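> Let me begin by handing over the structure; questions about it come next.
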Amino acid sequence: MSKKYTSSSWTDDWMKAQRDYLDAMSALAYSPTRMANNGKVDNPMSDAMDFWWKNVSPRISEENREFIDKLAEQGRIFYALSEHFINLLKGINTISESSENWEEALTRQFDELKNFFITTDNGQKAMHGMLSAWNLLPMDTLQRTFSSGSIMPGDILEDLKPETLEEVTDKFLSIPGVGYSRELQEQVQIGIKLGNNYQKTLREYTNSMHRVSIRALDRMRDKIIAMAADGKEFNSMREIYDLWVDCNEEAYADYVFTDEFSELYGKLTNSLMEVKQHGRNMVDEVLGGMNMPTRRGMNSVHKRQQELRREYKEVLKKMAGLEEKIEIFEKNKIKAEPPQPVAKKSGAEKGKKASGGNKKPTRKKVSKSSARKKTSRNTDKIVIKL
Amino acid sequence: MFPFHLRPDQIVDEVNEFNNQLYHGINTMTEIGDIDVGASEKEPVYHEDKLVLYHFKPLVKNPNPVPIMIVYALVNRPYMADLQDGRSMIQGLLHAGQDIYLIDWGYPDAADRYLTLDDYINGYIDRCVDEVCRRHNLKKINLLGICQGGSFSICYSALHPDKIKNLITTVTPVNFHTKDDLLSRMVRHIDIDLVVETLGNVPGELLNATYLSLKPFRLIGQKYIDLIKLLEDKEQARNFMRMEKWIFDSPDQVGEAFRQFIKQFYQQNGLVNGSVRIGNQKVDLKKVTMPVLNIFAKADHLVPPESSRALGNLIGTKDYTELEFPGGHIGIYVSGKAQKMIPPSVGEWLNKR
C-alpha cells in the first residue's frame, strides 16, 4: 500500500521555489541576454524547478513519483524553451525597432540558436534536455532494460564508454591471446570490439537525431515567416511551443521514413544485441564453471518442457476425440440392440391374450447378417441426427 | 508583418500560470488514489496456463444466441476494451444485445519463452473457441480481433472456417509494408533471431519505448504539457491516469511467437504474400469465406488504414464490409465518438447475419 504525502511542508518548498522562480524570471526578462556567455547557459527557471523537485520528490509516494517526474521534466523543458525564446524574441525585438527587415533578424537569431546548440557543450546539453524525447531513445531504454535484467551486477556496457574504447586500437585488439588464459583474452577482445562497434553506431544515430533537431529549427523559422506573410500572430509561449513540437515531429518524420533510418536503426539494434549476447555467453561460461544454472541450460529445459506440454495437449485432444467416438459408439450400440423377438402367436395364445392370460416371451433367433444390417441402419440414422 | 506580440511580462505571466497549474496538478495527483479499470461484470469460465477466458454478463434479456469471442493482442492488456463506464467497447456491445467472451493472455514469463504462433492460434484460441461452442451448444461462433489479435483471428478463421460464423477485425494490420508504417520500417533490418536469442522474451518496456518513438515530441512532451491543464479536475486526472496505466502496462513478448510474428508478418509481409505458416499449415486467406466486417481508424499511427484495408482483396468471402472510424488507434475503443459508432454498427451488422 503506497503512502500518500499529506504534509504541508512540500507546499512550503513549492512556495519557496515559486519565489526563486519569479525572481529568476524577472531577472531574465529585464536583463541583457544571458545565452552567449562563453557558452555558459543560465536556466534559472529550470534550476528553480530542479531545486524544488529535489526537495519534494523523496516525499511523494513511489507509485506517483515516476509519473510526476515526467510532468516535472516537461515543466523543466517548457521553462527551458521559454528562456530560449525570451532571448530569441529580445534579439528580434531589438532589431525590429531599428529595422523593418525582421525576417533577416529572425534568420540570424535562429542561426545563432543553432550555432549555440551545435558548437557549445552547454548548448548540446540544453538541446538534449529540451529534446527529452531523446532521453527515452529506444536504445537507451533497451540498454536500461538489459541492465535491469542482467545477471551481472551493474551494466556490462557501463565499462564500455566511448572515451575509453577509443584508446583501444584495432591493432591492440588483434594481438592473439597467449598462455593459460588465452581463451578468456580472446573473448574479452571480441567483447571490446563489439562494444566499440555499438558505440560508433550509437554516435552515428545520435548525430542523425541532432541533425533532425537542427532541421526542425530551420523548418520553424520558415513557418514563422510563412505565418507572418499570412498575417498570423503569436500571442503566447504555448503557441510557440506547439509550433516547435510540430516542426520537430515533421522533421523527425521526414527522416524516419527514409531507408537510411531503417538501416541505421537495424544496425544499432543488432550491434547492441551482439554486445549483450557476447556478455551473456561470458557470464554463462563463468556460471557453468561454478556448476550453476546457465541461460543456455535453462533454454534447453524450457524448450523441452514446451515440447512436452504441446505433446501432452495433443494427446488430451486425441483422447477427448476418442472418448466422444466411444460415447457415440456406445449409444449406437444400445440403440442397435436387436429388438426383443416376438414369437408367433398360436390360436390358443391369441385366445389367452384375449381372455387376459399372461404370456411368457420367447427369444427369436436372429441371423448375424440380419443383426448387422439393422445396426448399420440405426447408426446411419443417428449420425445424420447428430 | 512582425508576428510576435509578446512582451516579457506577458511571458512571465504565462509561465507563472503554467507553474501554478503544475503545482495544482501535482497536488491532484497525490489525492486521486488508486486507479481502477473495468466497467462490465464478468466471470472467468476457462483457464489454461496464464490464459483466462472471461464471459461478460449480458445486459439484455435475450442476447444474440451466437456469442462474440474477442481476441486481444499479445501487446498491452485487454482491459482497454472495457476501460471504464462510458468508455468501453464491450459495454457498448453488451448494450447492443451481444454476448461477449474475451481472452486475457496474462503476463508471460521465461517459462513461456518457447510458445509459438501455432500454440497461440491452433492451441489457445482453438480451445477457447471449443469452450464457447460447448457452453452454447453451437458449432460456430463470432470472432472479433483487436490489432495483432485481429491478425491472429484472420489466421484462425482461415485455418478453422468451420468454427467461425462471422469475423470482425478492428485496427488490424494485414499489409505490413505500406509506405506510412513506421513500425514496419523500424524492424525491417533488425536481426530478429539475434534479438530473441539474446533477450529470450522481449521486454514490454522495449515495446513501449518503440511506440513512443513513433511520435516522440507529442507522446513524451506535448501530451504532458496538455495534461497539466486537465489535472485541475480530479475526474479528468483519473481518466488520464487510466489511459496512462494501460499504455505502460505492457507484458513481455514471448520470444518464439515474437520471432515468428515479426519475421513472417512484418518482415516478409506474409499475409499479403500468402507465405504465413502456422505450425505445419499454410494460411490460405481464400478460405476466409464467412462474412467479414473490417473496422479501421482513419488517423491510426500504429496500423495505417491502408494496411487494414488490404484484407478486402485477399480473402475469399463475398460478404465483406468496411467501416472507417474518424479517429486513432486507441480512440476507436475509448472515445465518446467511438461508443456511439462502433458497438451499434457491429450489433447491427451481426443481427443481419
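The values are calculated or read from the model by the stated rules, or taken from the named source; none is laboratory data. Remember, predicted model here, so these are calculated numbers, not experimental data. Cβ placement follows ideal geometry from the backbone for every residue including glycine, while neighbour counts extend to all protein chains displayed.
> Please state which of the following conditions A:Phe261 fails to meet, knowing it meets all the rest: (1) at the interface with chain B (Cβ under 8 Å from one of its Cβ atoms); (2) modelled with pLDDT under 85.
(2)
> Give me the residue from the stretch B:175-203 that is β-branched (Val, Ile, Thr) and under 20 Å from A:Phe261 (Cβ atoms) and, out of that set, surrounded by the most Cβ atoms within 10 Å (Cβ to Cβ).
Among residues in the stretch B:175-203 that are β-branched (Val, Ile, Thr) and under 20 Å from A:Phe261 (Cβ atoms), the one surrounded by the most Cβ atoms within 10 Å (Cβ to Cβ) is B:Val195.
> Right, here's the next one. Which one is surrounded by the most Cβ atoms within 10 Å (Cβ to Cβ) among residues in the stretch A:222-249 that are facing another protein chain (nearest Cβ under 8 Å) and among the basic types (Lys, Arg)?
A:Arg238
> Looking only at the stretch B:190-202, count how many residues are assigned to a loop (DSSP other than H, G, I, E, B) and either among the basic types (Lys, Arg) or over 19 Å from B:Ser250 (Cβ atoms) (or both).
1
> Which of the following residues is among the hydrophobic types (A, V, I, L, M, F, W, C) and not in a helix (DSSP H, G or I): B:Ala81, B:Ala73?
So the residue among B:Ala81, B:Ala73 that is among the hydrophobic types (A, V, I, L, M, F, W, C) and not in a helix (DSSP H, G or I) is B:Ala73.
> Still on this structure, I have one more. A:Gly231 is checked against (1) assigned to a helix (DSSP H, G or I); (2) of a type in the set (Gly, Ala, Ser); (3) within 30 Å of B:Val12 (Cα to Cα) and fails just one. What number does that condition carry?
(1)
> Go over the candidates B:Leu83, B:Leu22, B:Leu93, B:Leu59 one by one and state the one that is of a type in the set (A, V, I, L, M) and farther than 26 Å from B:Lys337 by Cα.
B:Leu22
> Which condition does B:Thr172 not pass, out of (1) surrounded by fewer than 22 Cβ atoms within 10 Å (Cβ to Cβ); (2) more than 10 Å from chain A (Cβ to nearest Cβ); (3) outside any helix (DSSP H, G or I), if it passes all the others?
Single failed check for B:Thr172: (1).
> Out of the residues in the stretch A:270-310 that are among the polar types (S, T, N, Q), facing another protein chain (nearest Cβ under 9 Å) and closer than 17 Å to A:Ile192 by Cα, state the one that is surrounded by the most Cβ atoms within 10 Å (Cβ to Cβ).
The qualifying residue surrounded by the most Cβ atoms within 10 Å (Cβ to Cβ) is A:Asn270.
> Among the numbered criteria (1) over 26 Å from B:Asp104 (Cα atoms); (2) in contact (Cβ under 8 Å) with a residue 60 or more places away in the chain; (3) of a type in the set (Ser, Thr, Tyr), which single criterion is violated by B:Tyr266?
Single failed check for B:Tyr266: (1).
> Moving to a separate point now. Find all pairs meeting these conditions: Cβ atoms under 7 angstrom apart; at least six residues apart or on different chains; first residue within the stretch A:215-227 and in the same structural domain as A:Val245 (by TED's automatic domain parsing); second residue among the charged types (D, E, K, R).
Partner pairs satisfying both residue conditions: A:Leu217/A:Lys114; A:Arg219/A:Glu250; A:Ile225/A:Glu103.
> Conditions first: (1) part of a helix (DSSP H, G or I); (2) at pLDDT 85 or above; (3) buried (at least 19 other Cβ atoms within 10 Å of the Cβ). B:Pro251 passes all but one, so which condition is the exception?
It is condition (1) that B:Pro251 fails.
> Something else about it: I'd like to know if the stretch B:26-45 contains one or more residues that are under 30 Å from A:Arg310 (Cα atoms), basic (Lys, Arg) and within 14 Å of chain A (Cβ to nearest Cβ).
no
> Here is a follow-up. Looking only at the stretch B:84-123, count how many residues are assigned to a helix (DSSP H, G or I) and within 14 Å of another protein chain (Cβ to nearest Cβ).
Within the stretch B:84-123, residues that are assigned to a helix (DSSP H, G or I) and within 14 Å of another protein chain (Cβ to nearest Cβ) number 10.
> Let me ask something else about it. So is B:Glu205 in a helix (DSSP H, G or I), within 23 Å of B:Thr116 (Cα to Cα), under 21 Å from the mean Cα position of the chain (by Cα) and at the interface with another protein chain (Cβ under 7 Å from one of its Cβ atoms) or not?
Here the answer is yes, as B:Glu205 does meet what is asked.
> Identify all residues within the stretch B:228-239 that are surrounded by fewer than 21 Cβ atoms within 10 Å (Cβ to Cβ) and part of a helix (DSSP H, G or I); write none if there are none.
Listed by number, the residues that qualify are B:Lys229, B:Leu230, B:Lys234, B:Glu235, B:Gln236, B:Ala237, B:Arg238, B:Asn239.
> Just wondering, is there one or more residues in the stretch B:68-86 that are surrounded by fewer than 17 Cβ atoms within 10 Å (Cβ to Cβ), in contact (Cβ under 8 Å) with a residue 12 or more places away in the chain and farther than 22 Å from B:Lys223 by Cα?
There is at least one residue in the stretch B:68-86 that is surrounded by fewer than 17 Cβ atoms within 10 Å (Cβ to Cβ), in contact (Cβ under 8 Å) with a residue 12 or more places away in the chain and farther than 22 Å from B:Lys223 by Cα.
> Applying the selection to the stretch B:211-226, what residues are of a type outside the set (Val, Ile, Thr), part of a helix (DSSP H, G or I) and at the interface with another protein chain (Cβ under 7 Å from one of its Cβ atoms)?
Matches in the stretch B:211-226: B:Leu212, B:Pro216, B:Phe217, B:Arg218, B:Gly221, B:Gln222, B:Tyr224.
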